[in-house]
Amino acid sequence: MTDKDALKTELEFYEKHKHEYLTLYKGQFVLIKGEELRGTFTTDAEAYKAGIEQFGNQPFLIKQVVEDNSDVSNPALTIGLINTQF
């Protein structure tokens, strides 16, 4: 599996349920692993902590539930201030 495909299942699952999530969790962060919603959180940091506790060093998706589909940028991650491992 390539890095590009690592979260394909999770992203497809999110898109499939996006309308429902917008109704229930708008503005919150969802934690998704495989085809399962594993929690909703008020901050991305809370979602990340829960993801690490549940899955350790495995890929999982954290996505803010918003209507706009533009990509979210995390400059700290981009320049290496935050280290993620898959």
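Amide H contacts for R38 (H built 1.01 Å from N in the peptide plane; partners 5 or more residues away or on another chain; cut-off under 5 Å): L31, I32, K33. Applying both filters, DSSP loop and at most 13 other Cβ atoms within 10 Å, to the GluC sites (Glu not before Pro) of segment 16-70 gives E35, E67.
The label-point distance for I52 and E67, in a model that sets each label 7 Å from Cα toward Cβ, rounds to 3.5 nm. So if we plug the beta-carbon distance of K26 and A6 into 1/(1 + (r/R0)^6) with R0 = 22 Å, what FRET efficiency do we get, rounded to 0.05? Approximately 0.25, to the nearest 0.05.
Taking trypsin sites (Lys or Arg not before Pro) across segment 9-42, the ones in a DSSP loop with at most 12 further Cβ atoms lying within 10 angstrom of their Cβ are K26.
Only the coordinates and a few stated rules stand behind these numbers; no lab work does. Predicted model only: the values in this text are computed from it and were never measured. Note: ideal-geometry Cβ built from the backbone for every residue, glycine included; neighbour counts use all protein chains shown.
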